[in-house]
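Below: one structure, written as structure tokens.
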Amino acid sequence: MDINYIGELLWAGKLGHFMTILSMMSALFATFAYLFASSNTATNEVKSSWLSLARKGFLVHAFSVFSIIIILFLLIFYHRYEYQYVYQHSSNDLPVYYMISCFWEGQEGSFLLWTFWHIILGFVVIFRAKKWEAPVMSVINATQVFLAAMLIGIYFFDYKVGSSPFILMRDFMPNLPVFMRPNYLEFISDGSGLNPLLQNYWMVIHPPVLFLGFAATILPFAYVLAGLYKKDFGKDWVKPTLNWSIFASCILGVGILMGGAWAYESLSFGGYWAWDPVENASLVPWIISICGLHTLLAYKHSGHSLRITAILLIACFVLILYSTFLTRSGILGDTSVHAFTDLGMSGQLLVFLLSFIFLSIFLLAINWRTMPSPEKEENTWSREFWLFVGSLVMTLLAVMIAIDTSWPVINKLFGTNRVIIEPVEHYNRYSIWFSLIILLLAAITQFFKYKKTDIKKVGKAIALTAILSAVIAGVISYFAQFEFIRPVSLFNSVDVPFVSTYYLLAWMSVWTILANADYIISVLKGKINVSGASVAHIGFGFMLLGVLISSSKKQVISLNKLGLQLFSQDVNDVNNLENVYLAKNKPIQMGDYWVTYESEFKDRDYTFYNINYQRKKTQTDVPTETFTLTPNAITNPDMGLVSNPDTKHYFTKDVFTYLTSIPRELDESEKAKNFKEVEIAIGDTVALNKSLILLEKINPTPTNPNYFGLPGDIAAGASIIAMDLTKNEFRAEPVYFVRGMEEDNIADEIEELGLKISFTKINPAKNTVVLQFEEEEKPEEFVIMKAMIFPYINLLWLGCIVMTIGFIMALRRRMKERVKV
């Protein structure tokens, strides 16, 4: 049966769907045109002709993608809920900046964001790559074909290719009865809304930066494939590949760090990194990109490590595709809170991944023997050798993280059932040892020269900073009260201290900072413009020092000293021990603070709770400091309690607070009520639990809006004044009436007092009336919360900023060199 639906904006969806198909076809055309333009056998005239066609194809592709983005955002902005993507990810109450987050919350929008950045980077390549434009752009456009295929949402025989963001609700769920109505849009007045966890300002800026990092990894990858295809790895190949490698490593790293900041500010696991599979899926490619960057530097200056560089830069992009498969195929659904649900595209994602793996292996295999490689091995005391060692160590770390992250895939393939129960402890157990080696190499490697170094000079250069950093690490350990130095008996007579990894990590972190600062001063003579690598290493040292102190000395101050059973029957369970029951306006002591749950207020769907902290020894002391934190929470029907923390920031610490439980709203049947019936006269008062009631008068013409009088009714309204304990007055007028031979009444309610009043009888002989009072007994208001202190966490954020500055300085220097050339 054909139904003429009313109010649908169909032309926008049809245009958007057409543009998705056009984007795929134009990218496919541009791929082949660029491939023909990069031919090693064609004449220059033929190449120029194909290059012109390829650029036009890419322009059409760019136009179609920009059109898709504009159409989809306008549909979200104007709340066109006839479209499934708009309905699923947005709602009427969202401000514009969260509507932007709606755009990339779903898989389709995030694929569009990835595609958009490829186009922007593609234009940069067109204007700057010169002879490398054709082979590099052929790789970029081939990737765009696969990404565009994720959005077309059409069937080839019985297989659906992609998921269109322009599918209508009535096509997505055709069996719902509401879609049998031509005017069904009148019944869909609001959307499902943005995921509460994503309603944070970081989610407006974090995904675009992270996806720019994902997109940027294609350029070093494309240059490697272009070099293999053209059999050219000369200086004019190294420079753009190095620039793009620095850019990709920088942006991807910043995106990951932004994700950590978002997790710290918005998520309630109490930290900035949880070794979540989706976090790891971004971290592993970044580690590999850093490895590829360092071996590329070794190749530039010594001619060594080209093959390993090619493998690493290829692996970086392939791992981006693998992380896409992990996070979008639905395979991580039970192990990660960040993963997307499966939209039936796992087969496509696998083809996407395998296509580029096989292409890369094929080009490497046929060119392996012809790739430049010096006959003489690296000198052990050369910079390129230790760059290779450092890259090897980091690659091993990445492989171990990748394997542990991939257990859901391994379990599915081989029928195993391996699950990592405590991921933080598990990953920290081995990553700390890798970090020690990486920090050591970051401290000393720059003192080596390329090709050959006098080891005695290196020893003298690093000795002072090694000793000084060991002393500083000891001081840090003393004041941080690390419990890691204990006496060990040697030959039953001499006690020597046993030093754990905590001290070693502090030492290596400080040494990295001091050694690189010394390198800038003593070797580079303070030339900041060429010290980008050293600055990045200094930032890395600060970052790991901040991680060490803030994580190892994290202090939970919300201790359940009363032994209340809050979450588990086992009172010794960690959730019971580290959370407190905080009744409203009843302060309790937490560490150096007295903490009070004072009040709450609503903002859209969230409830914000005012938690007051006062620093004082006893409850009666005058506080030396007072501040209020406002963590918020919402009970989501699908996700349960969604809690966003609030933090008080100091120079040396953070006080981190979040809610772990809030009272649920009770059904009417669950609410405790007090019932009272009284017979009173005009001017009498009645005392209830929370109010004083005065019968002011009897109104022969009732004004209660719920009473609709009919001819012949005998009616009266009891005009009542209710006063609460703070002398606030409220009015009510319950109605008693006789209709025909039947007596009836209309109750009135005072919501502020939780009071329902019924006027049930008139007694003319006594000049009295009978009133019934139903008073709701309000349950105790409370929250259950957790509070922690993160000491010196600002060292972590300082390190992140300094490391990013180092990357930018290095990229700026390389760009200046390119301009000079």
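The values are calculated or read from the model by the stated rules, or taken from the named source; none is laboratory data. Just so we're clear, the structure is a prediction, and the values are computed from it rather than from any experiment. Using ideal geometry, Cβ is built from the backbone for each residue, glycine included, and neighbour counts are taken over all protein chains shown. Surface accessibility is based on the protein's heavy atoms, side chains included, excluding ligands, DNA and RNA. Shrake-Rupley method; radii C 1.70, N 1.55, O 1.52, S 1.80 Å.
Within segment 750-758, does at least one residue satisfy the condition of being open to solvent by 20 Å² or more (accessible area, probe 1.4 Å), free of Cβ contacts under 8 Å to residues at least 12 places away in the same chain, out of contact with any Cys (no Cβ under 9 Å at 6 or more places or on another chain) and within 26 Å of residue 609 (Cα to Cα)? So far as segment 750-758 goes, yes, one or more of its residues are open to solvent by 20 Å² or more (accessible area, probe 1.4 Å), free of Cβ contacts under 8 Å to residues at least 12 places away in the same chain, out of contact with any Cys (no Cβ under 9 Å at 6 or more places or on another chain) and within 26 Å of residue 609 (Cα to Cα). Can you pull out every residue in segment 393-418 that is open to solvent by 60 Å² or more (accessible area, probe 1.4 Å) and free of Cβ contacts under 8 Å to residues at least 40 places away in the same chain? Residues satisfying the conditions are 396, 399, 400, 403, 413, 414, 415, 416, 417, 418. Taking every residue in segment 650-661 that is over 18 Å from residue 794 (Cβ atoms) and among the hydrophobic types (A, V, I, L, M, F, W, C) and pairing it with any residue that is part of a loop (DSSP other than H, G, I, E, B) and open to solvent by less than 10 Å² (accessible area, probe 1.4 Å), at least 6 positions away or on another chain, the pairs with Cβ-Cβ distances below 9 Å are 659/631.
Here 218, 256 are screened, and the one residue that is more than 18 Å from residue 100 (Cα to Cα), touching a residue at least 12 places away in the same chain (Cβ under 8 Å) and buried (at least 24 other Cβ atoms within 10 Å of the Cβ) is 218.
When residue 464 is tested against (1) surrounded by 16 or more Cβ atoms within 10 Å (Cβ to Cβ); (2) more than 19 Å from residue 383 (Cβ to Cβ), just one condition goes unmet, and that condition is (1).
Cβ-Cβ distances below 8 Å connect the following pairs, each with a first residue in segment 537-557 that is closer than 13 Å to residue 436 by Cα, a second residue that is open to solvent by 20 Å² or more (accessible area, probe 1.4 Å) and among the polar types (S, T, N, Q), and a separation of six or more residues or different chains: 544/435. Among the residues of segment 575-591, those identified as without any contact (Cβ under 8 Å) to a residue 24 or more places away in the chain and of a type outside the set (S, T, N, Q) are 577, 586, 588.
Listed by position, the strands (runs of 3 or more DSSP E) inside segment 708-792 whose residues that are of a type outside the set (A, V, I, L, M, F, W, C) and more than 59 Å from the chain's Cα centre (by Cα) number at least 1 are 735-739, 742-746, 755-763, 768-776. I need the full set of residues from segment 283-322 which are among the polar types (S, T, N, Q) and surrounded by fewer than 22 Cβ atoms within 10 Å (Cβ to Cβ), in order please. Hit for segment 283-322 is 302, nothing else. For the structure I just gave you, tell me whether residue 182 is of a type outside the set (D, E, K, R), more than 22 Å from residue 89 (Cα to Cα) and open to solvent by 50 Å² or more (accessible area, probe 1.4 Å). Yes: the conditions hold for residue 182.
I'd like to know if segment 653-665 contains one or more residues that are in a loop (DSSP other than H, G, I, E, B), exposed (fewer than 12 other Cβ atoms within 10 Å of the Cβ) and not basic (Lys, Arg). Taking every residue of segment 653-665 in turn, at least one turns out to be in a loop (DSSP other than H, G, I, E, B), exposed (fewer than 12 other Cβ atoms within 10 Å of the Cβ) and not basic (Lys, Arg).
Applying the condition of being open to solvent by less than 10 Å² (accessible area, probe 1.4 Å) and touching a residue at least 60 places away in the same chain (Cβ under 8 Å) to segment 109-118 and asking which residue is farthest from residue 33 (Cα to Cα) yields 110. Residue pairs whose Cβ atoms lie under 7 Å apart, sitting 6 or more positions apart in sequence or on different chains, and linking a residue in segment 691-710 that is open to solvent by 80 Å² or more (accessible area, probe 1.4 Å) to a partner that is part of a loop (DSSP other than H, G, I, E, B), are 697/682; 703/733. Can you find a residue that is of a type in the set (Phe, Trp, Tyr) and either open to solvent by 20 Å² or more (accessible area, probe 1.4 Å) or touching a strand residue (DSSP E or B) at 6+ places or on another chain (Cβ under 6 Å) (or both) anywhere in segment 185-196? Yes.
Would you confirm whether or not segment 50-65 contains a residue that is in a helix (DSSP H, G or I), crowded, with 23+ Cβ neighbours inside 10 Å and β-branched (Val, Ile, Thr)? Yes - at least one qualifying residue is present in segment 50-65.
How about segment 672-688: which of its residues are touching a Lys or Arg at 6+ places or on another chain (Cβ under 9 Å) and surrounded by 14 or more Cβ atoms within 10 Å (Cβ to Cβ)? Answer for segment 672-688, where residues must be touching a Lys or Arg at 6+ places or on another chain (Cβ under 9 Å) and surrounded by 14 or more Cβ atoms within 10 Å (Cβ to Cβ): 682, 686, 688. Scan segment 223-238 and give yes if some residue there is part of a helix (DSSP H, G or I), crowded, with 19+ Cβ neighbours inside 10 Å, touching a Cys at 6+ places or on another chain (Cβ under 8 Å) and at pLDDT 95 or above, otherwise no. There is no residue in segment 223-238 that is part of a helix (DSSP H, G or I), crowded, with 19+ Cβ neighbours inside 10 Å, touching a Cys at 6+ places or on another chain (Cβ under 8 Å) and at pLDDT 95 or above. Residues in segment 159-169 that are in contact with a helix residue (DSSP H, G or I) (Cβ under 7 Å, 6 or more places away or on another chain) and open to solvent by 50 Å² or more (accessible area, probe 1.4 Å): 0 in all. When residue 377 is tested against (1) at pLDDT below 90; (2) under 30 Å from residue 300 (Cα atoms); (3) out of contact with any Phe, Trp or Tyr (no Cβ under 9 Å at 6 or more places or on another chain), exactly one condition is not met: (3). Restricting 409, 399, 389, 424 to those that are more than 25 Å from residue 501 (Cβ to Cβ), out of contact with any Asp or Glu (no Cβ under 6 Å at 6 or more places or on another chain) and assigned to a helix (DSSP H, G or I) reduces the list to 409.
For segment 142-158, filtered to residues that are part of a helix (DSSP H, G or I) and β-branched (Val, Ile, Thr), the residue that is most open to solvent (accessible area, probe 1.4 Å) is 145. Given the criteria small (Gly, Ala, Ser), at pLDDT below 95 and part of a helix (DSSP H, G or I), does residue 26 qualify? No.
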